[in-house]
1. Kyte-Doolittle mean at least -1.0 and Cα extent at least 27 Å along the axis: which DSSP H helices of chain A qualify?
2. Please tell me which of these pairs span more than 31 angstrom C-alpha to C-alpha: A:2/B:253; B:173/B:253; A:115/B:176; B:253/B:499; B:173/B:499?
3. Quick check: net charge around residue B:108, other residues with Cβ under 12 Å of its Cβ, Lys/Arg +1 and Asp/Glu -1?
4. Give the accessible area for residue B:111 in Å² (nearest 10); use a 1.4 Å probe, count only protein heavy atoms, and leave out ligands, DNA and RNA.
5. Angle check, please: helix B:2-17 long axis (alpha carbons) against the longest principal axis of chain B (alpha carbons), in degrees 0 to 90, nearest 10.
6. Which aspartates and glutamates, on any chain, are close to residue B:419 with Cα under 18 Å apart, when same-chain ones fewer than 8 places away are left out?
7. Starting from the amide H of residue B:219, placed 1.01 Å from N in the peptide plane, find each other amide H under 5 Å away whose residue is 5 or more places distant or on another chain.
8. If you line up the long axis of helix B:144-174 against the longest principal axis of chain B, both from Cα atoms, how many degrees apart are they, to the nearest 10?
Amino acid sequence: MKQAAYGFALFVFLALPPVARFLESVMIMHMHMQMPLLVIAGYMMARYFQLWFPGFLAKWNGNGIPGIVLFSIVVMYWNLPRAMDESLELAGSELFKFVSLTFLAGLPLRDSWQKVGYACRSTVFIGYMAISVALGLLYTIAPVQLCNNYLLIEQITLGWGFLTTAICMAVYVVYRLMIRHSEYE
Amino acid sequence: METTKLQLLKDKANRAMGINPSDALISKTYMFIAFAALLLGGILGLTQGLEKAGLITLPEWLTYYQVLTAHGFLLVIVLTAFFTIGYFYAGLSHTLGGLLPKVRTMAWIGFSLKIIGFPLVVVPVLLNDATVLYTFYPPMAASPWFYIGLVFIVLGVWMCAFGAFVQVASWRKRNKGQHVPILAFFATGVFVLLFFGSIGVTIEVLTIIPWAFGWTDTINVMVSRTLFWSFAHTLVNIWYLTAASAWYVIVPKVIGGRRFSDVLTRFVIIALVITNIPGGFHHQIIDPGISLAIKFMHVFMSLVISVPSMMTAYAMFSVFERRGRELGGRGLIGWFKRMPWGDVRFLAPFIAMAAFIPGGAGGIVQSTNQLNQVVHNTMWVVGHFHLTVGTTVMLTFFGISYWLIPYISKRVLTPKINKLGVITTIIWTVGMALMSISMHTVGLLGAPRRTSYTTYGDSATAASWDPYIIVLAIGGTLLMIGVILQAYAVFHLMFRAPKGETEFPIADVEENASETPYWTERWGRTIFLMLLLIAMAYVIPLVDMIVNAPPGSPPFRTW
Ligand code: HEM
Ligand SMILES: [Cu+2]
């Protein structure tokens with residue numbers, strides 16, 4: 001339960017206007033810090049919901065697949081340049097960003113990750129890696145500004161952020177494929 | 001079952017009979033080169049100190065900056081790299097039941113690569129074709145062979161790192177579910193940093209080579225400097241981690257105590273590995289072309305590293321106090337007097353730790369933007385690293401040498417050599433104190449670093465620096481005596497001391513210590529987090545430097 005409290009504190013901290021303004025002032029921090037941290041806040045709070053609404057989660061997310069699908073849709077939506085741009089313009093969209101990433105992505109992710117099998121986890125992981133490569137290439141190659149609010153250089157930086165994330169993930173995949181924990185533990 | 005029994009037997013035999021001769025030869029060779037580099041580097045250091053004070057004039061064929069290049073290179077690259085590898089390979093051999101034959105082969109391949117690289121680096125320096133100082137920043141360009149030599153040296157170091165990984169992985173397969181012995185855990189952390197930390201500088205050197213040959217016209221100086229410091233800063237923390245391994249594991253045994261919490265020790269190692277590499281920017285606080293926000297972020301990253309250091313300081317004093325009280329020390333400082341002050345294996349690392357207090361404080365000063373403006377590129381900085389690497393790291397290495405060299409040479413430390421070691425330690429401490437304090441002070445008065453003797457057209461300000469430089473030269477002379485004594489002790493312990501068995505001192509964990517969680521062994525995760533943090537720290541500035549690059553610089557020969 002302590003963890004849920006920390007998650008909530010993180011959520012409140014991220015929602016403080018100066019913190020939000022600061023993180024949103026740089027494109028890569030907006031997408032690669034604020035958004036993942038919101039997901040993490042939800043992930044940490046999930047414990048609370050698991051304990052208090054076990055029936056609801058068992059009914060709607062019995063095998064974990066609905067939760068993973070919900071997570072994927074929400075995360076994919078926030079990967080669209082337009083969505084990010086809009087959250088800076090419309091208060092409603094900003095509100096939706098905070099609510100959706102925390103409660104519709106982070107929370108179901110925690111509940112589902114334990115339930116789904118290895119194949120599903122790998123698909124999500126590899127899928128996210130592929131999206132990172134695609135968006136990385138899009139942002140580094142696109143010759144025009146894709147967001148109203150961020151300059152071209154910030155877009156290129158974010159593109160490299162995606163590519164390096166993908167590289168880190170690839171290193172991890174190779175490590176998992178080459179090294180069997182069972183041989184060591 | 002059978003294999004573990006066999007392993008146990010082998011371990012026992014290993015303990016009883018000491019190190020096997022082929023493993024010993026590896027460490028002995030590395031140690032020999034390390035201390036030969038100390039001797040040579042020390043001579044060059046004194047030469048510099050005397051020249052700088054205007055007490056001697058160098059001959060036509062040797063310039064101050066050649067000497068400075070060689071001094072820096074020998075002491076901070078050769079000495080530290082060879083010592084670290086020699087020490088940890090002996091540690092791996094001792095704690096993991098002997099090196100595997102293929103690991104030994106890898107260590108020798110690594111050695112050969114370094115030895116191939118050596119003349120390629122040294123000859124251009126001697127010919128005055130590579131007087132670029134050990135930092136070799138573009139746009140100063142050396143002979144391309146100098147950089148090719150550096151590539152060989154890096155490859156040699158990587159080979160040794162991979163050898164260590166193979167050794168540890170094989171041990172873990174044979175000892176499923178167990179924690180890697182603590183010294184081998186330190187070694188893993190150090191070699192992980194050594195490998196990942198040198199990727200940046202390798203990329204830098206690979207872009208410099210075509211430029212030095214004239215195949216490309218220009219180079220991006222900011223990118224080169226950034227890649228260089230991502231490495232050199234990590235190197236600094238590799239020394240620190242190596243020294244800390246002796247503080248946590250060896251020193252408690254030397255004083256007859258137990259080591260501090262195993263969990264905390266492993267946590268400190270993991271924390272250093274993850275947070276280290278991004279700290280490099282604190283060496284570039286004055287560089288143009290890096291935005292203030294980025295510099296601020298990296299100052300934060302640097303200061304994070306002081307957290308494990310503070311934990312280390314706490315751990316050490318706690319170990320000392322507990323042991324001192326066991327020995328009957330009373331009151332606030334009574335325990336302090338009970339320490340074995342006459343034992344060089346304790347005295348040297350103790351002074352090393354003590355020197356890290358002002359050294360670390362100076363480091364925090366330098367990480368602060370406004371204060372850095374005052375001391376940047378002055379003699380202050382030279383004072384700082386002679387205190388940190390020249391004292392903290394060196395005295396720890398000296399302390400290690402008094403048991404490690406006898407251990408690998410199957411000889412013993414005699415009381416006479418121990419006494420010599422105590423004297424060396426004291427001379428070193430006094431010499432460094434004189435040299436470092438005068439360097440810090442004269443730096444605050446404005447004396448620049450990396451400059452040979454000059455009166456600046458008889459400037460009065462410059463003349464006011466002279467007394468400090470004389471003190472510097474006196475300290476340097478004392479240090480030279482220390483270097484000679486230390487080199488003699490090493491030589492004696494390696495080839496002359498009486499034969500016998502010396503123990504490899506490894507302290508046990510305290511009784512009723514809490515179980516160390518197994519996640520500490522998950523190096524894959526640690527490395528993943530480390531890479532993520534590196535990406536977070538470097539993507540923004542590097543993209544900016546490359547996309548908004550200036551025209552770039554042609555090679556310059558400034559000497
Ligand atoms: C006999 C002992 C030593 C003496 C007399 C000595 C003296 C000096 C002097 C006078 C300088 C040049 C300052 C300048 O012009 O900027 C210098 C630079 C340096 N020393 Fe030492 N030193 C000694 C030992 C060491 C040790 C043990 C280390 C490290 C393990 C070390 C590392 C360095 C480094 C890295 C530089 C900077 C080179 C550069 O700026 O390119 N020195 N030393
Ligand atoms: Cu540094």
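1. Span-like helices, by this rule, are A:118-141, A:152-178.
2. A:2/B:253; B:173/B:499
3. Details: positive: B:102, B:104, B:114; negative: B:23.
Overall, the nearby charge balance is +2.
4. Surface accessible to solvent at residue B:111 totals approximately 30 Å².
5. 70
6. Residue B:419 reaches B:343.
7. Excluding prolines and chain starts, which carry no amide H, the hits are B:553.
8. 20
The values are calculated or read from the model by the stated rules, or taken from the named source; none is laboratory data. Not measured: the values here are computed from a predicted model. With ideal geometry, Cβ positions are generated from the backbone for all residues, glycine too; neighbour counts draw on all protein chains shown. Protein only, heavy atoms only, side chains kept; ligands, DNA and RNA dropped before computing areas. Shrake-Rupley method; radii C 1.70, N 1.55, O 1.52, S 1.80 Å.
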